[in-house]
Amino acid sequence: MLLEIAWLTLAAIHFGVPLTYYAYLKSYLDKPWNLKIDDGYAPTVSIVIPTYDEEAFIESRLDNILEQGYPSERLEIIVVDSASSDRTVELARSWGREHPDAKLRILEEPERRGKTSALNTALQHANGEVVVLADADSFWEKNALKEAVKYFAEPKVGAVTCLKMPMQRGEAKRQTLAVESTYRSFYNKVRVAESKIHSTPIFHGELAAFRKRTLLKIGGFKQGIGADDSHAATLIALENYRAIMAPEIIAYELTPRSLKSYIAWKARRAIHLVQSFWLTVKEIRRAPIGFRRILLTEAFLHLVNPWLLLVASLLFIAFIMVSEFLLLKIVALLTLTFALTIKRIRRVLTTWVIDQLVLIYACLKGLRSKEVPWTKIEEVRGPSACNLTC
């Protein structure tokens, strides 16, 4: 009987905590921001694009920024190239000559030192009141930049990020895109709701905007950690500024097609988040009350909760193999089988299990290593940014 109680208890905690947290957050989605938001606010902006072998995307990325329609006299674009071996710098320079009205600067590092180093290099040269990070292989919805900067009219706002939507090359949607879309549908609601309470500890490099003086106050981007955007946002929230995600700011990122590449892609991101939570949870006592609950819950969900699923699963297998309660075993197996026959439940469970396994791997890998190099996944590379499926 102890075996049955053990796996049921762990399973209840594992699924109960995130479901309770989601229900709690959902009540905040329709609440007002309680912030000063000015659609006409137009601070000076420095957009930073760190690059390494981005010839497939750099021109379309720069076009996408120009298409935002932000006042050119208040906008500068800084490309920081980390010793690319392809034509990234050449193409960026060519684009600059074709668009003389755009304030484009290209900074070249003599060797690849990692994304954090590139960002801190750019920060030393950025003149804007707001510094916006933009991954080279991502794309912004029209007016995303204007929608982001309007929140900085509120002095309490120190950082703003986007909703992240997945996309793929080609006309046919692949299974990994469906899995990622299911994940994002919950994920984005959680981040927005956390933001309305106080702040979210998870930011996106596809569009992450920071008030420059606030960024300088925390010492810029921390070396030796991959989640430069999320970690900086969390440190800003610990200083009692708001670090928020707003639903009208939308960016798209390419998602790998094969399951193997998809899991590797998610693992890399998870490792960086685990590192960030491990460092910042130690500072939880100085967090503002509203953010303290969020940070503590998210740290639990990323660092502890995945292990509960693993242990509960092992205990469930042991229960099926050795328990004398035949009827209970039959009911448990039939319930699981029935749930997996329903497509939506199967997709949600598949997405959840993949995410938990990735976090377990990230905990094992991330807590004993420093910054993980941002390697290229060839499935999402290509000659242009066209022919994308969202």
Filtering segment 208-225 down to residues that are open to solvent by 10 Å² or more (accessible area, probe 1.4 Å) and in contact with a helix residue (DSSP H, G or I) (Cβ under 9 Å, 6 or more places away or on another chain) yields Arg211, Lys212, Leu216, Lys217, Ile218, Gly219, Lys222, Gln223, Gly224
Scanning segment 53-110 residue by residue, the ones that are part of a loop (DSSP other than H, G, I, E, B), more than 24 Å from Ile250 (Cα to Cα) and open to solvent by less than 70 Å² (accessible area, probe 1.4 Å) total 5
Inside segment 226-283, the number of residues satisfying the requirement of being part of a helix (DSSP H, G or I), among the aromatic types (Phe, Trp, Tyr) and surrounded by fewer than 24 Cβ atoms within 10 Å (Cβ to Cβ) is 3
Residues in segment 194-207: is at least one open to solvent by less than 20 Å² (accessible area, probe 1.4 Å), assigned to a strand (DSSP E or B) and modelled with pLDDT of 95 or more?
no
Matching residues in segment 44-78 (aromatic (Phe, Trp, Tyr) and within 13 Å of Ala102 (Cα to Cα)) number 1
Within segment 119-163, the residues that are among the acidic types (Asp, Glu), farther than 18 Å from Asp63 by Cβ and open to solvent by 40 Å² or more (accessible area, probe 1.4 Å) are Glu129, Glu147
Here the qualifying pairs (Cβ atoms under 6 Å; residues six or more apart or on different chains; first in segment 72-84 and under 25 Å from Glu111 (Cβ atoms); second open to solvent by 10 Å² or more (accessible area, probe 1.4 Å) and among the aliphatic types (A, V, I, L, M)) come out as Ile77/Leu104; Val79/Ile106; Val80/Leu107; Asp81/Val89
So, first residue of a type in the set (Ser, Thr, Tyr) in segment 137-159, second residue open to solvent by less than 10 Å² (accessible area, probe 1.4 Å), Cβ within less than 6 Å, six or more apart or across chains; the pairs are Ser138/Glu206; Ser138/Ala251; Ser138/Glu253; Tyr151/Val157; Tyr151/Val160
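The values are calculated or read from the model by the stated rules, or taken from the named source; none is laboratory data. Just so it is clear, the structure is predicted and the values come from calculations on it, not from any experiment. Every residue, glycine among them, receives a Cβ derived from its backbone with ideal geometry; neighbour counts consider all protein chains shown. In case anyone asks, the SASA skips ligands and DNA or RNA and just uses the protein heavy atoms, side chains included. Shrake-Rupley method; radii C 1.70, N 1.55, O 1.52, S 1.80 Å.
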